[in-house]
């Protein structure tokens with residue numbers, strides 16, 4: 001899972017830089033970055049990435065002698081064949097191209113690896129139109145041949161390239177991933193797809209979903225029956241369970257509507273989920289709610305099967321994507337969020353209120369590390385809102401920060417769409433009295449363009465759950481969608497004005 005990712009780097013060129021010698025003679029105090037210097041800076045921003053292919057220029061030859069009449073160019077040397085030979089071991093391409101070499105870059109792009117093209121303006125005076133790569137699965141960045149006067153701008157350019165390299169790495173990491181789906185309705189579970197999402201039959205939906213997942217990411221879903229989990233709950237080590245329960249209780253602000261014995265039940269479920277993941281060599285997990293179906297809350301509590309609220313929160317806090325209700329789209333979204341932001345975020349039901357220009361996302365689990373770093377948000381341990389107090393295990397009510405930028409996102413594997421919008425968290429208590437006792441225990445109210453959200457509702461493609469990530473990552477998810485060839489739906493942008 002943590003193996004080094006490999007990016008093949010190519011510097012394309014047709015001519016020597018125009019006026020470069022004169023510029024250097026007159027301005028010898030100004031550093032002009034060599035290819036090796038550029039790559040070294042990118043490496044410094046790219047942890048666990050190996051860049052192969054070298055830093056020398058690869059020449060491009062035009063088929064027609066007059067470059068202005070040429071519609072075709074080819075790359076000289078063995079670069080193309082070398083990349084094709086290594087394709088199975090490569091995660092992506094990083095191509096540095098000037099306008100004269102744009103048409104040649106298509107030869108590299110056609111190999112089929114996730115690709116970033118870095119445009120190099122100011123190297124030559126070009127009468128050829130540059131390649132926008134607008135209808136391809138290619139990300140672009142811009143790094144002029146000469147450094148910006150403001151070093152901070154040049155630094156941002158390097159960081160932009162590195163950020164896009166990390167997106168390629170995120171896609172590659174998905175290929176190595178095995179996700180555990182604990183359900184008696186394989187492969188996707190009971191709660192989704194919802195009926196409106198199914199065009200023909202559930203079997204055909206499941207097949208198309210699994211085909212898309214395999215083709216897009218190569219991720220495996222490993223479905224196991226719920227009885228395997230329930231058996232492990234019954235056999236959970238009492239001492240280890242109590243140690244975990246005590247740790248949760250010690251870290252909480254308080255307990256409310258639940259007891260230490262209910263927290264202990266949740267700790268046993270956590271150990272069972274963890275053991276089952278290890279048994280099947282999986283790195284993410286989603287389960288049905290209270291064993292439904294066939295159990296449901298009443299039968300589950302009679303058999304000592306608690307809510308997965310606290311266990312799921314612990315997994316997410318530890319950096320493992322975990323979701324209740326077998327919400328596989330959201331589980332995949334959480335995993336991508338983890339790779340991109342460092343956090344799995346908050347998964348929840350999604351509601352829209354245009355009157356107060358607000359969206360609300362609520363559930364009974366979510367990370368305690370919303371920023372993706374070591375900061376832990378305060379939490380209260382509570383019962384679930386729809387069950388009697390002191391029954392059904394426990395969940396953590398995270399006290400998420402307000403007045404923070406957030407990104408709300410969901411990938412739709414079946415529809416090949418990615419929905420995203422951004423906003424700012426606001427105080428729910430200012431909107432509705434006793435906010436903490438409404439809906440799920442974990443929730444955020446988001447000030448955003450709710451009128452547009454309502455206009456763009458597409459339950460058929462994207463259903464009604466979303467993942468909230470703290471920070472503005474709209475562009476990262478738009479770039480990710482382009483790399484994998486998925487349609488982007490910016491839900492907070494009006495279709496008509």
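Using the C-alpha gyration tensor of region 458-497, what are the square roots of 5 times its eigenvalues, in whole angstrom, with the largest one first?
Working from the Cα gyration tensor, I get semi-axes of 17, 14, 14 Å.
Among rounded, prolate and oblate, which fits region 346-423 when a ≥ b ≥ c are the square roots of the eigenvalues of its C-alpha gyration tensor, a/c under 1.5 means rounded, and a/b larger than b/c means prolate?
prolate
How large is the Rg to Rh ratio of the chain when both quantities use alpha carbon positions and Rh follows Kirkwood?
1.04
If I fit a long axis through the Cα atoms of helix 151-175 and take the longest principal axis of the Cα atoms of the chain, what angle between them do I get, 0 to 90°, rounded to 10?
Taking the Cα atoms of the chain, the angle to 151-175 is about 60 degrees.
Three principal axis extents, largest first, for the C-alpha atoms of region 354-497, in Å?
If we take the Cα atoms of region 354-497, the spans are 47, 33, 28 Å.
When the Cα centres of region 477-497 and region 214-256 are compared, how far apart do they sit, in Å?
Each part reduced to its Cα centre gives a spacing of 35 Å.
If you average the sequence gap of Cα pairs under 8 Å that are 6 or more apart and divide by the length of the chain, what percent do you get for the contact order?
12 percent
For region 118-230, what D do you get in µm² per second when you plug the Kirkwood radius from alpha-carbon pairs into Stokes-Einstein at 25 °C and 0.890 mPa s?
Estimated diffusion coefficient is 133 µm²/s.
Show me 464-474, 481-491, 140-150, 322-332 ranked by packing, highest mean number of other Cβ atoms within 10 Å first.
Most protected by this proxy first, the peptides run 322-332, 464-474, 481-491, 140-150.
Note the angle between two axes, namely the Cα long axis of helix 202-216 and the longest principal axis of the Cα atoms of the chain, as a number of degrees from 0 to 90, rounded to the nearest 10.
Around 40 degrees separate the two axes.
Against the longest principal axis of the chain, how steep is helix 260-279, in degrees 0 to 90 to the nearest 10, with axes from Cα atoms?
Rounded to the nearest ten degrees, it is 40.
What's the extension gain from residue 373 to residue 145 if we count 0.36 nm per residue and subtract their Cα-Cα distance?
78.5 nm
Rounded if a/c is under 1.5, else prolate if a/b beats b/c, else oblate: with a ≥ b ≥ c from the C-alpha gyration tensor eigenvalues square-rooted, which is region 391-462?
It comes out oblate by the Cα gyration axes.
Using the per-residue mean of other Cβ atoms lying within 10 Å as a proxy for protection, in what order, highest first, do the peptides 283-293, 254-264, 232-242, 304-314 fall?
304-314, 283-293, 254-264, 232-242
How much of the DSSP beta bridge set in the chain is antiparallel, as a percent to the nearest 5?
50 percent
Counting other beta carbons within 10 Å of each residue's own, what order do 338, 177, 139 fall into, fewest first?
177, 338, 139
Read the figures in this text as sums done on the coordinates, not as results from a lab. Keep in mind that what you see is a predicted model, and the values were worked out from it rather than measured. Every residue, glycine among them, receives a Cβ derived from its backbone with ideal geometry; neighbour counts consider all protein chains shown.
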